[in-house]
Amino acid sequence: MLSFRGGIHPPGMKDLVNGRAIESMPLVPLYRVLLQQHIGAPARPVVKAGDVVRKGQVLSEPQGFVSASVHAPTSGKVRGVEECIHPVTGLASPCVVIEADGEDTWVEGLPSELDPFSMEGSELVSMVRSSGIVGMGGATFPTHVKLSPPKDKPIDAFIINGVECEPYLAADHRLMLEEPLRVISGARVVMRILGLSDAVMAIEANKPDAVDVMRREVPGSIRVEVLGVKYPQGAEKQLIKAVLGREVPSGGLPMDVGALVHNAGTCAAIWDACSSGIPLIERVTSVTGSGIREPKNIRVRIGTPLRDVIEFCGGVEEDAVKVIFGGPMMGIAQYSMDVSVTKGTSGVLVLGSRDVDRSSYTSCISCGRCVDACPMGLLPNVLSKLGERSMWEEALSFNLMDCIECGSCAYVCPARRPIVHFIKHMKALSREASAKKRQAV
Ligand code: SF4
Ligand code: SF4
């Protein structure tokens, strides 16, 4: 079966939600829509306190090409542009706070009826851009940028990523089962934009029902490939290696080897934008883990407060000790309940005390397990020792920036070393130094 070198086999833990149909979460009284929900320049707000907004209305305009707008998740009144806790950085970050009016009225002209297959590629890319679509697997890179490769980097291979290799999460799995045509049609729009006659849909072997549905529904131009179950099979570079046999070079991008990857949720959002003009105002996410009373897959508006999500899922168990946005491997632990759902929130994982390891870490025993597990061929043992001493410049020569932060090394480490934390710390120091250097020029 297709796969890649390295990687690990953590327990899937998907049974809590993978058999549960997607439930639409009802409206809540207040939404906090972060302006920075993407990689790139923050968006600039175009509304102010007191403005009345409708569902789908633009709240912020992108600044520059690598940026993305955000839209009102429902109709109501803008309370203001306030500072909210960002679930990824943990820092205060500007967000538009909307007091919902409960009417959920669309902005004029939406939804509309469009035929994307009669439109030019450039027109479709512009619709994707104005709809604020970003990679919904968690990477949050603006989708229109990936759909606009430079002339010297033509794309000849497109992979629809239905792998969802993070333990616990099943949002893309449910989407492929319940709404396969949204995913497939969005993928066909991408093929039209790039002038491709074929594509590959990649699904891990632990989702045989999704494989069946997709094989039944896809047109002849899309081939469904079943991949071996291994983490991080869904990471772009590993997926490209497994499916196409192409190696993205160190420091490079998928386009350097002619490849493009979009996850299933992103394809569905592309379809909504190009067939109805509907911007990205909601997503499917798995709310799961031993610490949540009623694990569910929910369709939730962007900006919905975490507290409301938890309440809709029956509240937390008494022994709940940790909330993570995303999965247990690459997700971010939250220190406050005052965060809100973003475009990249692929899951809300609530762990009970029995699932949380509180032991402290010790010195590296040079067992080499992390080296075997690293899917990027790095030396996590060396990186972790350098990270402990903040030696980021030395770490650069060990390809620090190639680390995809998958957590495979930390998962296998018998010394419980927080290798990814050390690596993130060094990357932050390196970026800070580069920014200072740019300012000085
Ligand atoms: S060093 Fe980075 S890429 Fe390698 S296993 Fe650790 S987190 Fe993953
Ligand atoms: S797995 Fe942990 S103990 Fe073993 S070599 Fe890597 S960092 Fe050291």
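Brief remarks follow.
- Top-ranked residue of region 345-376 - restricted to ones that are more than 14 Å from ligand 2 (Cβ to nearest atom), modelled with pLDDT of 95 or more and open to solvent by 10 Å² or more (accessible area, probe 1.4 Å), ranked as farthest from residue 315 (Cα to Cα): 376
- Residue list for region 67-99, restricted to those being part of a loop (DSSP other than H, G, I, E, B), in contact with a strand residue (DSSP E or B) (Cβ under 7 Å, 6 or more places away or on another chain) and farther than 14 Å from residue 131 by Cα: 74, 75, 86, 87, 88
- Candidates 235, 205, 199, 242 - the one that is surrounded by fewer than 18 Cβ atoms within 10 Å (Cβ to Cβ) and either within 20 Å of the chain's Cα centre (by Cα) or aliphatic (A, V, I, L, M) (or both): 205
- Selection from region 413-441 of residues that are touching a Ser or Thr at 6+ places or on another chain (Cβ under 7 Å) and not in a helix (DSSP H, G or I): 415, 416, 417
- Qualifying residue in region 174-193 (condition: hydrophobic (A, V, I, L, M, F, W, C) and over 21 Å from residue 283 (Cα atoms)): yes
- Scanning region 134-173 for residues that are in a strand (DSSP E or B) and of a type in the set (A, V, I, L, M), we see that the one that is farthest from residue 3 (Cα to Cα) is 134.
- Qualifying residue in region 325-338 (condition: within 16 Å of ligand 2 (Cβ to nearest atom) and either among the aliphatic types (A, V, I, L, M) or surrounded by fewer than 17 Cβ atoms within 10 Å (Cβ to Cβ) (or both)): yes
- A count restricted to region 355-370 and to residues that are within 26 Å of the chain's Cα centre (by Cα) and free of Cβ contacts under 8 Å to residues at least 12 places away in the same chain stands at 0.
- Being touching a helix residue (DSSP H, G or I) at 6+ places or on another chain (Cβ under 9 Å), within 16 Å of ligand 2 (Cβ to nearest atom), of a type outside the set (S, T, N, Q) and touching a residue at least 60 places away in the same chain (Cβ under 8 Å) holds for only one residue in 420, 412, and it is 412.
- Flag for residue 114 being open to solvent by 20 Å² or more (accessible area, probe 1.4 Å) and in contact with an Asp or Glu (Cβ under 8 Å, 6 or more places away or on another chain): no
- Count of residues meeting criterion [modelled with pLDDT under 95, open to solvent by 70 Å² or more (accessible area, probe 1.4 Å) and not in a strand (DSSP E or B)] in region 23-66: 3
The values are calculated or read from the model by the stated rules, or taken from the named source; none is laboratory data. Everything quoted here is computed from the prediction, not taken from an experiment. A quick note on method: Cβ atoms are made from the backbone with ideal geometry, for glycine too, and the neighbour counts reach across all protein chains shown. Please note that ligands, DNA and RNA were not included when accessible areas were found on the heavy atoms of the full protein model with its side chains. Shrake-Rupley method; radii C 1.70, N 1.55, O 1.52, S 1.80 Å.
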